[in-house]
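To start, the structure itself, in structure tokens.
The values are calculated or read from the model by the stated rules, or taken from the named source; none is laboratory data. Every value quoted in this text rests on a predicted model; they were computed, and no experiment measured them. For neighbour counting, all protein chains shown are included, and Cβ atoms are generated from backbone atoms with ideal geometry for every residue, glycine included.
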Amino acid sequence: MSFILNIETATKNCSVSIAKNGETIICKEIAEEGYSHAEKLHVFIEEVIEAAKITVQDLVAIAVSQGPGSYTGLRIGVSAAKGLCFALNLPLIAVDTLKTLASQAKVSDGKIIPMLDARRMEVYSEVFNAQLEVERGIEAEVITEDSFAAYTDVLYFVGDCADKCKPVLTKDNFVFLEEIKYPSASAMSKISYDKYQKSDTVDVAYFEPYYLKDFMMTLPSKK
């Protein structure tokens, strides 16, 4: 049996799951405005391992969300995953955050477009077909009324951008699945297991999250 610990911290959702042979058996997550990842993540890891009635020695790999997403959230998740991999001598699996988000849309046709907020009218997006095959790679793009106009089949949008994008993306073939807001570690299970079976892992020492954009710190204004 192959138990994999999945860690997803790229958004406001701090999410951890244990999967057995690609099936989620336990998931613990919370989405908060204040990004409580630093205080919740290690607690969640301990809780899901205990709830799954296994020990860390039963794990065969650690999977982590690679981005794009929140700079701080990604750093916290990747640091935790690396620490566990080093301590337990386990392989590290990097999972595309947007693919995890897209996989939560269960559709049989059209395209799935996961979008994560990148401030103002910019989003991180990717385009998949209904079989979760990449049709267009990851981009940071400013959303306008002409965005995705080249697609004529049904487009299913998922992610945390519905409020700002729905008033702009109004074509008849655009469908917003607003109940799918954040990527979840539960949805990582099949993806990470498929990668594990193919030995598709990353170098624990040198792996860095995929930020897509440079981190910018906003300094307080001088009075």
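I need the full set of residues from the range 2-36 which are surrounded by fewer than 20 Cβ atoms within 10 Å (Cβ to Cβ) and not in a strand (DSSP E or B), in order please.
Once the filter is applied, which keeps residues that are surrounded by fewer than 20 Cβ atoms within 10 Å (Cβ to Cβ) and not in a strand (DSSP E or B), the range 2-36 yields Ser2, Asn21, Gly22, Glu32, Glu33, Gly34, Tyr35, Ser36.
Consider the range 112-150. How many of its residues are touching a strand residue (DSSP E or B) at 6+ places or on another chain (Cβ under 9 Å) and under 20 Å from Ser184 (Cα atoms)?
Pass one, the range 112-150, residues touching a strand residue (DSSP E or B) at 6+ places or on another chain (Cβ under 9 Å): 112-118, 120-130, 132, 134-143, 147-148.
Now drop any that are not under 20 Å from Ser184 (Cα atoms), which leaves 112-118, 123-130, 132, 134, 138.
Count: 18.
Could you check the range 108-140 and list, in sequence order, the residues that are of a type in the set (Ser, Thr, Tyr) and not in a strand (DSSP E or B)? Working first, answer last.
Step one: filter the range 108-140 for residues of a type in the set (Ser, Thr, Tyr), giving 108, 124-125.
Answer for the range 108-140, where residues must be of a type in the set (Ser, Thr, Tyr) and not in a strand (DSSP E or B): just Ser108.
Checking the condition under 18 Å from the mean Cα position of the chain (by Cα), under 12 Å from Leu5 (Cβ atoms) and aliphatic (A, V, I, L, M), which residue from Leu92, Leu116, Leu132, Leu98 passes? Give the steps one after another, and end with the answer.
Numbers: Leu116 fails: under 12 Å from Leu5 (Cβ atoms); Leu132 fails: under 12 Å from Leu5 (Cβ atoms); Leu98 fails: under 12 Å from Leu5 (Cβ atoms).
Within the list Leu92, Leu116, Leu132, Leu98, the selection yields Leu92.
Could you check how many residues of the range 141-174 are loosely packed, with under 14 Cβ neighbours inside 10 Å and in a strand (DSSP E or B)?
The number of residues fulfilling the criteria is 1.
If you scan the range 74-89, which residues turn out to be among the aliphatic types (A, V, I, L, M) and either over 16 Å from the mean Cα position of the chain (by Cα) or within 30 Å of Glu145 (Cβ to Cβ) (or both)?
As a first pass, look at the range 74-89 and keep what is among the aliphatic types (A, V, I, L, M): 74, 76, 78, 80-81, 84, 87-88.
Result: Leu84, Ala87, Leu88.
Pick out the one residue from Glu46, Glu50, Glu39 that is outside the structural domain of Cys165 (by TED's automatic domain parsing), over 30 Å from Asn129 (Cα atoms), surrounded by fewer than 22 Cβ atoms within 10 Å (Cβ to Cβ) and at pLDDT below 95.
Details: Glu46 fails: at pLDDT below 95; Glu50 fails: at pLDDT below 95.
It is Glu39.
Look through Ala81, Ala63, Ala105 and report the one residue that is surrounded by 20 or more Cβ atoms within 10 Å (Cβ to Cβ), of a type in the set (A, V, I, L, M) and either assigned to a loop (DSSP other than H, G, I, E, B) or not assigned by TED's automatic domain parsing to the domain that holds Ala38 (or both).
Step by step, each of Ala81, Ala63, Ala105 is checked, and only Ala105 is surrounded by 20 or more Cβ atoms within 10 Å (Cβ to Cβ), of a type in the set (A, V, I, L, M) and either assigned to a loop (DSSP other than H, G, I, E, B) or not assigned by TED's automatic domain parsing to the domain that holds Ala38 (or both).
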